[in-house]
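Since the structure comes first, as structure tokens, the remarks are kept for the end.
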Amino acid sequence: MSTAETILIVDDDDVLRQRLEKSLARRGWTIFAAEGFETAIALAETHQPQRAVLDLKMPGKSGLDVLRKIREISPNTKCVILTGYGSITNAVEAVKLGAVGYITKPADADQVLAAFGESRETPTPDFPPPSLAEAQWEHIQRVLADSGGNISEAARRLDIPRRTLQRKLKKNAP
């Protein structure tokens, strides 16, 4: 992949946006990042990125609004919708508007590139995928780390009661 390939990441979640930026930059992509509609459109007009990853739910205008506008100003930009609120209705609407993919959070760079139809640069390992319990444990640990170890903040971000999170953390990792 040449370093001329560009991708626009639009997400109001600073942590996720920065993780995707770093991960995709390591893979050779030139990154443009925005936290909302206005910045995203300004970057799209200026740089005409080849790809765009758009968060569905953001304060103000949604990712579908960004998608509509990007399709007007940069029709060759391939767009993927990223959401923590997956629904068939939103996915169908995104595809009708021209999105080439629709993925749910949390997503890593490999999942984002796969949504564009990109193949992985590294071979797929021969070990089985994590169990649901393992995936949940890893997600909780990631959110807890992003919250600086603050259990109350992590519980708020996970949208679960603090006591429930405390009970889950007392259990041994799967």
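Quick notes on this structure:
- Filter result (over 16 Å from P106 (Cβ atoms) and in contact with a Leu (Cβ under 9 Å, 6 or more places away or on another chain)) within the stretch 75-87: T77, C79
- Residue under evaluation A34, criteria (1) under 12 Å from the mean Cα position of the chain (by Cα); (2) surrounded by 15 or more Cβ atoms within 10 Å (Cβ to Cβ); (3) of a type outside the set (F, W, Y), criterion not met: (1)
- Odd one out for L67, checked against (1) in contact with a Cys (Cβ under 6 Å, 6 or more places away or on another chain); (2) farther than 22 Å from E38 by Cβ: (2)
- Restricting attention to the stretch 7-27, the residues being touching a Lys or Arg at 6+ places or on another chain (Cβ under 8 Å), under 14 Å from V80 (Cα atoms) and in a helix (DSSP H, G or I) number 0.
- Every pair of residues 6+ apart whose Cβ atoms lie under 6 Å, when the first sits in the stretch 151-174 and is surrounded by 12 or more Cβ atoms within 10 Å (Cβ to Cβ) while the second is among the hydroxyl-bearing types (S, T, Y) and assigned to a loop (DSSP other than H, G, I, E, B): E153/S147; A154/S147
- Those helices (runs of 4 or more DSSP H) of the stretch 28-125 in which at least 3 residues are without any contact (Cβ under 8 Å) to a residue 24 or more places away in the chain, considering only elements entirely within it, cover 37-47, 88-96, 109-115.
- Here the stretch 1-31 is the region considered, the condition is being of a type in the set (V, I, T) and surrounded by fewer than 19 Cβ atoms within 10 Å (Cβ to Cβ), and the residue that is farthest from E72 (Cα to Cα) is V15.
- Scan of the stretch 69-112 for residues that are at pLDDT 85 or above and either at positive phi or in contact with an Asp or Glu (Cβ under 7 Å, 6 or more places away or on another chain) (or both), ordered by number: I73, L82
- Residue in the stretch 65-116 that is farthest from A25 (Cα to Cα), counting only those that are hydroxyl-bearing (S, T, Y) and surrounded by fewer than 16 Cβ atoms within 10 Å (Cβ to Cβ): T89
The values are calculated or read from the model by the stated rules, or taken from the named source; none is laboratory data. These numbers were taken from a predicted model, which means no experiment stands behind them. With ideal geometry, Cβ positions are generated from the backbone for all residues, glycine too; neighbour counts draw on all protein chains shown.
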